[in-house]
Every structure is written in C-alpha cells, then in structure tokens.
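Student: Got a structure here, written out as structure tokens. Questions coming.
The values are calculated or read from the model by the stated rules, or taken from the named source; none is laboratory data. None of these values were measured; they are calculated from a predicted model. Virtual Cβ from ideal backbone geometry, glycine too; neighbours counted across all protein chains shown. In case anyone asks, the SASA skips ligands and DNA or RNA and just uses the protein heavy atoms, side chains included. Shrake-Rupley method; radii C 1.70, N 1.55, O 1.52, S 1.80 Å.
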Amino acid sequence: MTRARRLRIWASEFLVLAVVTLVMLPIRDRLDKAHTTLIFLLVVLTGAARGGRILGFVLAGCSFLLFDVLFLEPYNSFGASKSVDWLVLVAFLAVSAIAAQMLHREQMRAEEARQRTLEVDRLAALGAEALNVVRAEDALTAIAAVIRETLKLRRCEIHTVPRDGTAAGVSEDLVAHTVLPREAGGNEVSALFIPLRVRDRTVGVLELADEHRIDLDSAQRRFLAALSYYAALAVERSRLAAEADRTEGLRAANRLKDALIASVSHDLRTPLTTIKALAHSLRNGGDERAATIEDEADRLNRLVADLLDLSQLQAGRVPLQLELNPIDDLLGALVQRVSGALGERRLLVSMDDGGELLVGRFDLGQSLRVLVNLVENAHKYAPPGTPIEVCAWRDGPQLAVSVSDRGPGVPEQERNRIFEPFYRPPNTQPDAGGVGLGLAIARRLADAQAGTLDYEPRPGGGSTFTLRLPAADVTEAPEGADDLA
Ligand code: ADP
C-alpha cells in the first residue's frame, strides 16, 4: 500500500469517527451503552479492515476516550462514576483490540493464500511453457528470467553439467554443496549455487547472484525448489535432444556405411573373379607365383563376402530359412565340410541325446556356417596334434552344440570383445586368413535365429564355444522323417 493511500484511509476513518460521534452526541441521553459500544466497535473494525492493525488500535484508543468522556456520566470528564461503567469501558477496549488483531491475522492469511495462488499460477504457466517450447534452451532462459524477476535478483544463470559432472566455470565441490554463499568481485556480494538434480544425478547448477545478501523466506525457498526442478528437467531434456540428434546422425552414417559396403563389395567381386580366373590359367601354364595370387584373391573374396554379410546382418536383411532340422544333419554336414581342412587333426563328435532325437528349428546352412567357423578357429589356434571336440545335447528349451579345443583360450578381459567386428586381441597369432569378423558374424547369425553364441574357458585349458538354437519337440518333426514322429 502506498503512503498516500494509507494517509487517505486514516483521514477518512477519523472523519467517520468524528461524524459518528457528532451524530450520537445530541441523543446521548437516549442511547443505551450497548448501542454506543456497538457503533464504536463497528468504526474500529472498519478501520482495522481497511487500514490494518495499527489503525484499528488507534481508533480503539480514541473511541475508548470519546466513549468515556462524552457518553458516560459524568459527561466531559475522564473516569466513569459506576464500577459497572468501568467494566463496559475495559470490555470495549479489550474487544476492539482483540477484534482488530484477529482481523489483521485473517487478512495476512488471505494475502498469503493469494500469493500462493499467484505462485501456483506462475508455476503452472511456466511448466506449460517449458513443455511447449521447441528448444529446451528456450525453456532454460524462460525459467532463469522468471526466477530473476520473482526473487528480484541481479543475475540468475543455469549452467549445464557435462556427463563427467562439472559445469563450465563451476568446480566440482561447488556442485556438491546444496547452497553455497560466496563473496564475489565487482558489484555482486552474494551468490548461491544450487545443484539441479534429476533422479539423483546432478545435471546442472543454478547460479543466483545479487548486490545484497540473498536471504530467502520459506515461500521463496519453496518457489525456488519447484523452479529448480523445472530447470533440471529442462536441462535433461536439452541433453536428451542433443543425444537424439547425435543418434540420428550416427544412424544416417551407418546407413551410408551399409550402402557403401554393399556397393564396394559388389564392385570388387567382378574384378576378383577375373583375377582368380587369370591366375588359374597362369598356374596351369606352370607359373608357381600364380598360386599365391589365387590364394590372395580367395582371401579377399572371403573378406568381401564377410563384410557384406556383416552389414546385412546388422541391417537385419539376411534371409533365414527357419525349419525343423535334426541335429544329426547339422553335425553330419559339419564333419563333411571341415574334415578335408583339418589334415592330421582328429575331430571327435559326440551326442548326449538321452535316447531322444535332437531336433531344432533353425537355418541349416547358416548354423553350419557358425560351426564351421568355430572349428576352423579351433584348428587355427590349438596346437597341432590336439583333437577338436564337438558335442551336442538338449539344454532345456534349446539345443546346444559346443566346439572345444586345447588352444591358448581367451583372456578374461577379451571374452566379450572377441565378438565385436574386427576385434583381435593384441597377442593374437598373426595369420593370413582372418581379420576378426568370423565370431562377430557367427554371433549375429545365432542371434538372428533366436539363439546364442558364447565363450567359456575349458577346464584343463583351451576354449569352448557353445552355439544354442531353439529346440523343437519331436512331435513337431518334419514330414517324411518317419523316425522322428
Ligand atoms: P579371426 O579368427 O579372423 O581373428 P574371429 O572373429 O574368428 O576372427 O576371432 C576373433 C579373435 O578371437 C581371434 O583373433 C582370436 O584371438 C580369438 N579366438 C577365436 N577363436 C579362438 C579359439 N578357438 N582359441 C583361442 N582364441 C580364439
């Protein structure tokens, strides 16, 4: 309330008191004490309601005096004649003071409720604004502006914290404190740093600075807490938006890479076939070096084919024929395919079928490819003369086929990484054949058939790779396989 308005209210209330007194004065003999008391009380309450507690008390004091001097006998002198009149006077004074005080308290409560409604309205509007803005940075600017204006501060800034936990210009320990007063240079003598948290993670810092000491009352603290939470959400949203942009960029790069690999692989295949054909005819003509050319052309051809397969597997574009197949077919085909390449090395195949037929739903050709790769790896890494063991069994809802060798095994820290494309542990034997794509393709082929491919160290030394594929119950066996039904 402005000073002039307050003065006007005081003047008008005293005028009312004067008018009421003047009106009652000529008829004071006919007036009952209760009427006079009530009329003065009305004036006091009106004054307290309009001008506040102090005006109420002053009017109560003046009314008390007027009542005593002008309306209680003997007139025009202070002090009542009868003790009962004193009682009336004291009661009047007490009632007016209490009523003025109560009125004041109710007015304060009403004002507080009004402030809170305004606060809620402002928060709701800000919340809607924060959710609606296109860019999360705009929401941060809006929130900072509202805090600055509402708390009447010189500066309010929101710093975002990078993933490693420090905000630009704000050190780690400041972030860790809830509220930190700081003496700053220049005009600002007080600053507060409030960490912005989302799900127990600090995502930013709210910095408040002012020329005066920043002391917040409980309502302002509540308001700040709510806005800090909005700010934390906006920071998190802006981070997620940036991440989404980055992911979209990576996805586009990935699509480009797949397209590039597909086209390069296709274009390489034709010249490779020509090189191989020419080397072959040179070799037939007696040129020994042609064998090396032919081998290298084969190796490049395999690499190109692997690259193409990997990129198609990653894009989910490998056609699969998921059919019911007995495991015997898979193991039989494996023995046929690899025995030529193993030379002197023994391949021990066993089946733990418990008297039942082991049948699964898988792509025969692609599963064979996985097992061939595992056996070739075992042959590559295990010392000569040690056998390679292949074992098949039913493992709950899956069929398992393991390939074990007595090679060097895979160190613990490499066990997941060997399934990544192009990854070869640093101490891998240099070999002309592989580039680190075999296991990456094998695992993706297993995944694509709802199966798995895992590594385990073999007890007694060596490696065991286990391919698991969905098993099928024997009654589901393919038509024509009489012995399966
Ligand atoms: P490549 O054999 O062409 O290097 P792979 O993807 O088949 O590629 O294998 C990745 C790595 O896993 C190999 O470089 C090797 O270090 C390790 N590895 C695979 N199979 C075996 C195995 N049977 N014994 C030991 N290490 C193996």
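Student: What about Arg135, is it open to solvent by 90 Å² or more (accessible area, probe 1.4 Å), under 20 Å from the mean Cα position of the chain (by Cα) and modelled with pLDDT under 70? Can you show your working first?
Tutor: Working: open to solvent by 90 Å² or more (accessible area, probe 1.4 Å): yes; under 20 Å from the mean Cα position of the chain (by Cα): yes; modelled with pLDDT under 70: no.
Answer is no for this residue.
Student: On to the next question. Please tell me if Ala442 is closer than 26 Å to Asp363 by Cα, hydrophobic (A, V, I, L, M, F, W, C) and more than 11 Å from the ligand (Cβ to nearest atom). Talk me through it step by step, then tell me what you get.
Tutor: On the way: closer than 26 Å to Asp363 by Cα: yes; hydrophobic (A, V, I, L, M, F, W, C): yes; more than 11 Å from the ligand (Cβ to nearest atom): no.
Judged against the criteria, Ala442 is not a match.
Student: Continuing with the same structure: Give all pairs with beta carbons closer than 7 Å in which a residue from segment 394-418 that is farther than 25 Å from Val349 by Cβ meets a residue that is modelled with pLDDT of 95 or more; count only pairs at least 6 apart in sequence or on separate chains.
Tutor: Within 7 Å, the pairs are Arg415/Tyr455.
Student: Let me ask you something else. Kindly indicate which of Val401, Val435, Val375, Val474 is of a type in the set (A, V, I, L, M, F, W, C) and near the ligand (Cβ under 8 Å from one of its atoms). If you could, list the steps in order and put the result at the bottom.
Tutor: Numbers: Val401 fails: near the ligand (Cβ under 8 Å from one of its atoms); Val375 fails: near the ligand (Cβ under 8 Å from one of its atoms); Val474 fails: near the ligand (Cβ under 8 Å from one of its atoms).
So the residue among Val401, Val435, Val375, Val474 that is of a type in the set (A, V, I, L, M, F, W, C) and near the ligand (Cβ under 8 Å from one of its atoms) is Val435.
Student: Please enumerate the residues belonging to segment 378-393 that are within 12 Å of Asp405 (Cβ to Cβ) and either outside any strand (DSSP E or B) or away from the ligand (no atom under 11 Å from the Cβ) (or both). Reasoning before the result, please.
Tutor: Step one: list which residues in segment 378-393 are within 12 Å of Asp405 (Cβ to Cβ), which gives 378-390.
Ala378, His379, Lys380, Tyr381, Ala382, Pro383, Pro384, Gly385, Thr386, Pro387, Glu389, Val390, listed by residue number.
Student: Mind checking whether some residue in segment 387-396 is in contact with a Lys or Arg (Cβ under 7 Å, 6 or more places away or on another chain), at pLDDT 95 or above and either of a type outside the set (S, T, N, Q) or open to solvent by less than 10 Å² (accessible area, probe 1.4 Å) (or both)?
Tutor: yes
Student: In the list Leu250, Leu233, which residue meets the criterion of being over 30 Å from Glu112 (Cβ atoms), of a type outside the set (Phe, Trp, Tyr) and either under 30 Å from the mean Cα position of the chain (by Cα) or open to solvent by 30 Å² or more (accessible area, probe 1.4 Å) (or both)?
Tutor: So the residue among Leu250, Leu233 that is over 30 Å from Glu112 (Cβ atoms), of a type outside the set (Phe, Trp, Tyr) and either under 30 Å from the mean Cα position of the chain (by Cα) or open to solvent by 30 Å² or more (accessible area, probe 1.4 Å) (or both) is Leu250.
Student: I'd like to verify a number: residues in segment 23-56 that are under 17 Å from Glu73 (Cα atoms) and of a type in the set (A, V, I, L, M), how many?
Tutor: 5
Student: Next question, about the same structure. Would you tally the residues in segment 329-372 being within 15 Å of the ligand (Cβ to nearest atom), open to solvent by 30 Å² or more (accessible area, probe 1.4 Å) and of a type in the set (Lys, Arg)?
Tutor: Step one: filter segment 329-372 for residues within 15 Å of the ligand (Cβ to nearest atom), giving 338, 341-342, 345, 347, 369-372.
The next check asks that each one be open to solvent by 30 Å² or more (accessible area, probe 1.4 Å); those that pass are 341, 347, 369.
The next check asks that each one be of a type in the set (Lys, Arg); those that pass are 369.
So the answer is 1.
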